[in-house]
Amino acid sequence: MTPTTTLKSDASSSGTVSTLGGSSSVAVKRSSFKKDKKPKKESNPFIPAAIDYADSLGAGLGTAGGSVEGGEHHIDGRIQLGICAMDKKARSKPMAEILSRLDETLFRVVFFGDDLILNHPIDDWPSNIDVLIAFYSKGYPLTKAKEYVKLRNVYLLNDLNMQSKLQDRRKVYDMLEASGIDVPRHVFLSLDNYKSTGTHVEEYDDHIEINGVSIHKPFVEKPIDADDHNIAIYYPTSAGGGCKKLFRKIGNRSSEFYPDISEIRRDGSYVYEEFVETQGTDVKMYTVGPDYGHAEARKSPTVDGKVQRNADGKELRFPVILTRSEKEIARRIVVQFKQFVCGFDLLRVQEGHSVVSYCCDVNGFSFVKNSRKYYDDCAQILTEHMLAVMKPGQLLGFSTLDPLLTEVDNVDLTEHSVSSLNPLHHVARMLRQEELRCVIAVVRHGDRTPKEKLKMNTKEPIILQYFIDNSVDKMENSTKDLKVKAKGPMVDFLAAVQSATSSSADGKDDDDTSENNKLLWKFKHMRDILERWKISGLTRKLQIKPRKFDTDPDTGEKLRCKEVQLILKWGGDLTKLGENQAIKLGKQFRQEIYPDAPGGGILRLHSTFRHDLKIKTSDEGRVMKTAAAFAKGLLELEGEIPPILVSLVHKEKGSMHMLDPSGDKDVKLELDECKEKLSKNLQQDIDWRAMTEEDRFRLVGPPQVTSLRDALAKIGNPRKTLQMIYETMGTLIEELEVMLMGCGSSDEKAAVEPGGIPKGDSEEDGGNDAALSGVKLYKGETLLELTERWRFIHKRLYDKETDTFDLTRIPDVLDNVRFDVLHNPHLGFNCNIA
Ligand SMILES: O=P(O)(O)O[C@H]1[C@@H](OP(=O)(O)O)[C@H](OP(=O)(O)O)[C@@H](OP(=O)(O)OP(=O)(O)O)[C@H](OP(=O)(O)O)[C@H]1OP(=O)(O)O
Ligand SMILES: Nc1ncnc2c1ncn2[C@@H]1O[C@H](COP(=O)(O)OP(=O)(O)OP(=O)(O)O)[C@@H](O)[C@H]1O
C-alpha cells in the first residue's frame, strides 16, 4: 500500500483549512503556519495574531470586564487564546515559536502580562477568552487564576486545580502510582502529617529508617515542594560516602559533591527514594495531548554536575525512541493530571532483556526548547485540539491519529453533517478505515573501503608462542583456530610481528627470491597494516590457524604446534561518502514513502504514541554506522553519528542473523549450487549474441529470466570478457609499477620501514595524508599497498595451470574498481578497467 495523498484547498473554510482529497480528515494547511516572519524583539519570532492585553487597553485598564479587542470591542469570529502565565514563560522563545505558527485568521493570541496577572483584580482580566493557556511557575497567583477561570468559564488547556497537586512531590507520586505508573521505591517524611505514620527517623551509616521503613544508600532526598530543586543524593560508605547536592543549573554546573556530608537534612518534609541506576542518562519527555510526545536524553545532573552544552550554549540532548510502555505512561500522565502540554522525567533501567522506566518527576506545562520539528508539531496539534473544542465543524481529523490513512470515503462535508460529529466521533470514524500498519526497510551499508586480507604460513617461534599464549586452551598442541579483534591482544600481536620482522631481517641475504625474504616482506606488510591506525579493536581482524605439529613418533600424538597460518583482515570501513549516502537515503526514503502526508508525515508519526520505530543492525561497524546515518536522514536528526548510534540503533543477538544466510544449511546449499553453475557457464568461450534460443535456454533458462539474459547480452562472450578484465588488470598493475618506480624507491622504502608510513590519526581518519612522493591516496594508503591490493586479486582471478578463472573474485574486482574510481580518481590510470 502506498500512502499517497494530496492536499486540496477547501474554499468554504475561510482559506485556512485544507481537506484531504475526498477524505474525512482535515488538516490545517502547513503553509498557514507563519514560520518565516521576522522576530519582533530579540530572537523571538513575531506572533502575527497576538495582542498585549495591557497595551491594547491602555488607560482603560482597570475598568470591569475588558474585551480582548480592546478599544474596538468587536468579536471577529476567531478563537481568542489567552496566555495567562508569568512573562518569563509566556514570552519565552519556545512559546513565541509555537504561537507564531498559529494561523492568524483562526486565532487571536492575548497576552495577559505580569502586571495584569499580579496587580489587577480578575474583573480586569479579558472577558471573552475562549481557550486559556494558564500554568503555574514561580510567583504565579494560582488561586487568583482559578477564580478567573470560574468567573469566565474558559476552556483550559492545562487544568489549574491539578497544578496545585503538581506542587507537592508526594501527591504526584501518589497519583502516578494510582495510575499504575512505576515510581522509584520511596518513603515520605511528612512534618505536616500528609499520609504520615510519624516523623521518627533513625540514621545509620548506610541506610535510614523512617517510621520503620528502610531506604538504603545510595538514596535521593527531595524536598516535598516541587519548586525546590535542592535535591541531595547520599552515597554508601562502600562508595566512599558523601553527598551530592543538585540545584537548578548555574552556568555550566548542576550539582556539587560534598565528601563530608553524610547526614540527611532535618529541616522539613522530604521524599526519600532509592537511587535508580540509569547509567547516567535522564529521559525528558514533553507531551502535546495524549497521543504525542517528544523525548530526549540528557546527561543526568547526578553524574558529574557539568552541564554539556553545544556551541550555541544549549544543553546537549540526544534523540530517544520511546518504548510502548513509555508512551502509555505519557498518555496516562496527560489524562490523570489533566495537563495537555506536560513535561516529565523518566529514569530508564535495563532489567534483563527489557527496559523499565520509572517516572521521578512531573513538571506540568513545559515546552521542548530548540526543536523546529517539535514547534511545528506542537502548533499543529494545539490548532487541531482548539478547533475540535471550539469549532468542531472546521476540523475533520487529528494529525496524531491519521497521518497514514489512505483509503477514505467521500463524505458529506457540509457544515451540518460535520459539526454534528464531536471529536470522538471523528476519531472513531477514522479508526474504522484502512491504515498502513507496518513498513519494513532493509538497508545495505554505504560505500566502504575495500575489504583486504593478507595470508601467510610461518614457523616463526615468536608467533608460535603468541598463538600458544592466546589460544583458548593455552596448550602447546592447541588445534583450535584463534580469532583476535580486541585491542589488547592485537597490540601484543603487533609487538610479536615487530620482533619477528627484526629477527627475520637479521642476517638475511639480498636474494629477492628466497623464501625467507618473501616471508620477511609479508611480516613487514602485516606490521605496516597494524601500525597504520591506532588499534582500537574495530577495523582489523586476525585469525591464526594451527597447520603443522611436532608429533610423538610412537603414538602420533600432536605435541607442539610448529607452523601456523596467519590471516589478517582489514578495510571494509564506512567512508564519509558512505555515511552521506545513508543520510541521503534516509531522507529520500521519508520523502518517497511518506510524501507530503497530511499532518507532517513520518516525522510526526515517529513521535505519536500509536507508532513505533525500531532500527536494528548486525555488529559490523560499517553496518551500525550506516543504520545511524540512515536514521539521521530519516528523522531529520542533527549532530554527530555516535550519539545517534548509541541512542537509536539496536544491536540485538536475534537480528544478527536476519540477513546472513551462512548459518542456514539449505540456503547455503542453494547458494553453492548457484555459484558452481555460474562458474562453469561463465568460463565458456561462447558468444551469447550468436547463440540459438535453445542454447540460451540451456545456459540460463526461459526468456522470463530477463536479468541474466540482459547481463549476458551485454557481456557477449563471458570468457573473452574475463580475459579482457584480467589483461586490463595486468596493464593497471604495470602502470602502478611504473608509478612506483617514478616515486623513486621512497614509497617502497616507506612501506617497509617502520615509522616511514604516513599514518592517519585514527581509524576514522579522513585520509588527508599524502601517501608519498606527492601521490595522495585515500586514508593514507601507500602506492605500494594499492598495487598489492590489485596484485592480490589479479593473481587469484586466473589460474594459469588449470586455465580457469575464479569467478568468486569478480565482486572483489568490482569492489576495488569502484573504490579507486571514487576515492583515488587523481591517479589517472591509462587503462580502461572502470
Ligand atoms: O519547563 P520550563 O520550560 O518551564 O523550564 C524549566 C526547565 O525545563 P525542563 O523542565 O524541561 O528541563 C529549564 O531547563 P531546560 O529544559 O532549558 O534545560 C530551566 O532552564 P535553565 O535551567 O535556565 O536551563 P539552561 O537555559 O541554563 O540550559 C528552567 O529554569 P528557569 O528558566 O531558570 O526557570 C525551568 O523552569 P522552572 O521549572 O520554572 O524553574
Ligand atoms: N530516584 C532517583 N534515582 C536516580 N536519579 C534520580 C532519582 N530521582 C531524581 N534523580 C535525578 O535527579 C534529577 C532531578 O530530579 P527531579 O526531576 O525529581 O527534580 P527536579 O528538581 O524537580 O527536576 P526538574 O528540573 O525536572 O524540575 C533527575 O533528572 C535525575 O537525574
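Of note:
- Total residues in the stretch 252-269, condition assigned to a strand (DSSP E or B) and either among the acidic types (D, E) or within 11 Å of ligand 2 (Cβ to nearest atom) (or both): 3
- Residue-level analysis places I233 among those that are surrounded by 17 or more Cβ atoms within 10 Å (Cβ to Cβ), more than 16 Å from ligand 1 (Cβ to nearest atom) and not assigned by TED's automatic domain parsing to the domain that holds T383.
- Cβ separations smaller than 7 Å between residues 6+ apart or across chains give no pair from the stretch 322-347 residues that are not assigned by TED's automatic domain parsing to the domain that holds S300 and in a strand (DSSP E or B) to residues that are among the charged types (D, E, K, R) and within 15 Å of ligand 1 (Cβ to nearest atom).
- Qualifying residue in the stretch 282-290 (condition: more than 16 Å from ligand 1 (Cβ to nearest atom) and in contact with a Phe, Trp or Tyr (Cβ under 7 Å, 6 or more places away or on another chain)): yes
- Residues in the stretch 313-324 that are surrounded by fewer than 14 Cβ atoms within 10 Å (Cβ to Cβ) and more than 16 Å from ligand 2 (Cβ to nearest atom): G313, R324.
- Meets criteria (away from ligand 1 (no atom under 16 Å from the Cβ) and loosely packed, with under 15 Cβ neighbours inside 10 Å) for E221: no
- Residues satisfying the stated conditions in the stretch 298-309, i.e. in contact (Cβ under 8 Å) with a residue 12 or more places away in the chain and away from ligand 2 (no atom under 13 Å from the Cβ): K306, R309
- Of residues in the stretch 153-179 being within 15 Å of ligand 2 (Cβ to nearest atom) and under 32 Å from the mean Cα position of the chain (by Cα), the one farthest from S127 (Cα to Cα): E177
- Within the stretch 209-230, being under 24 Å from S366 (Cβ atoms) and touching a Phe, Trp or Tyr at 6+ places or on another chain (Cβ under 8 Å) holds for V220, E221, K222, P223, I224, H229, N230.
- Pair list, Cβ < 8 Å and 6+ apart or interchain, from the stretch 167-181 residues that are at negative phi to residues that are of a type in the set (D, E) and within 16 Å of ligand 1 (Cβ to nearest atom): Q167/D225; Q167/D227; D168/D225; R169/D225; R169/D361; V172/D361
- Criterion: surrounded by 13 or more Cβ atoms within 10 Å (Cβ to Cβ) and modelled with pLDDT under 90 - qualifying residue of L454, L464: L454
- Entry remark, the stretch 313-351: residues being within 16 Å of ligand 1 (Cβ to nearest atom) and either touching a strand residue (DSSP E or B) at 6+ places or on another chain (Cβ under 9 Å) or modelled with pLDDT of 95 or more (or both) number 19 in total.
- In this structure, Y286 qualifies as of a type in the set (F, W, Y), under 34 Å from the mean Cα position of the chain (by Cα), modelled with pLDDT of 95 or more and within 30 Å of N158 (Cβ to Cβ).
- Extreme residue, nearest to ligand 1 (Cβ to nearest atom), among residues of the stretch 355-369 that are in a loop (DSSP other than H, G, I, E, B) and closer than 15 Å to E296 by Cα: S366
- Checked against (1) crowded, with 18+ Cβ neighbours inside 10 Å; (2) within 14 Å of ligand 2 (Cβ to nearest atom); (3) over 27 Å from K93 (Cβ atoms), V356 passes all but a single condition, namely (1).
- Filtered residues of the stretch 69-91 (kept if at pLDDT below 50 and on the phi < 0 side of the Ramachandran plot): E69, G71, E72, H74
- Scan the stretch 545-577 for residues that are of a type outside the set (S, T, N, Q), closer than 26 Å to L635 by Cα and in contact with a Ser or Thr (Cβ under 7 Å, 6 or more places away or on another chain) and the total you get is 2.
- For the stretch 118-156, a tally of residues being touching a strand residue (DSSP E or B) at 6+ places or on another chain (Cβ under 6 Å), within 20 Å of D168 (Cβ to Cβ) and of a type in the set (D, E, K, R) returns 0.
- Residue satisfying all of: in the stretch 291-312; among the aliphatic types (A, V, I, L, M) and touching a strand residue (DSSP E or B) at 6+ places or on another chain (Cβ under 9 Å); farthest from ligand 1 (Cβ to nearest atom) among these: V303
- Enumeration of residues in the stretch 270-297 that are assigned to a loop (DSSP other than H, G, I, E, B), away from ligand 2 (no atom under 15 Å from the Cβ) and either small (G, A, S) or surrounded by fewer than 20 Cβ atoms within 10 Å (Cβ to Cβ) (or both): G289, P290
- The stretch 340-353, residues that are over 21 Å from the mean Cα position of the chain (by Cα) and away from ligand 2 (no atom under 14 Å from the Cβ): F340, V341, E351, G352
- Wholly enclosed helices (runs of 4 or more DSSP H) of the stretch 679-743 bearing at least 2 residues under 30 Å from P825 (Cα atoms): 706-715, 718-742
- Selected residue (criterion: surrounded by the fewest Cβ atoms within 10 Å (Cβ to Cβ)) from residues of the stretch 674-733 that are more than 19 Å from I793 (Cβ to Cβ) and among the polar types (S, T, N, Q): Q704
- Remark: pairs (first residue in the stretch 353-379, touching a residue at least 40 places away in the same chain (Cβ under 8 Å); second residue basic (K, R) and away from ligand 1 (no atom under 13 Å from the Cβ); Cβ separation under 6 Å; 6+ apart in sequence or on different chains) = S357/R348; D377/R604; A379/R101.
- Qualifying residue in the stretch 171-186 (condition: within 16 Å of ligand 1 (Cβ to nearest atom) and among the charged types (D, E, K, R)): no
- Any hit, the stretch 384-401, residues being within 16 Å of ligand 2 (Cβ to nearest atom) and modelled with pLDDT under 95: no
- A single member of K222, K249, K245 is touching a Lys or Arg at 6+ places or on another chain (Cβ under 6 Å), within 16 Å of ligand 2 (Cβ to nearest atom), basic (K, R) and not assigned by TED's automatic domain parsing to the domain that holds F318, and it is K222.
The values are calculated or read from the model by the stated rules, or taken from the named source; none is laboratory data. Everything numeric in this text was worked out from a predicted model, so none of it was measured. Ideal geometry is used to build each Cβ from the backbone, glycine not excepted, and the neighbour counts take in all protein chains shown.
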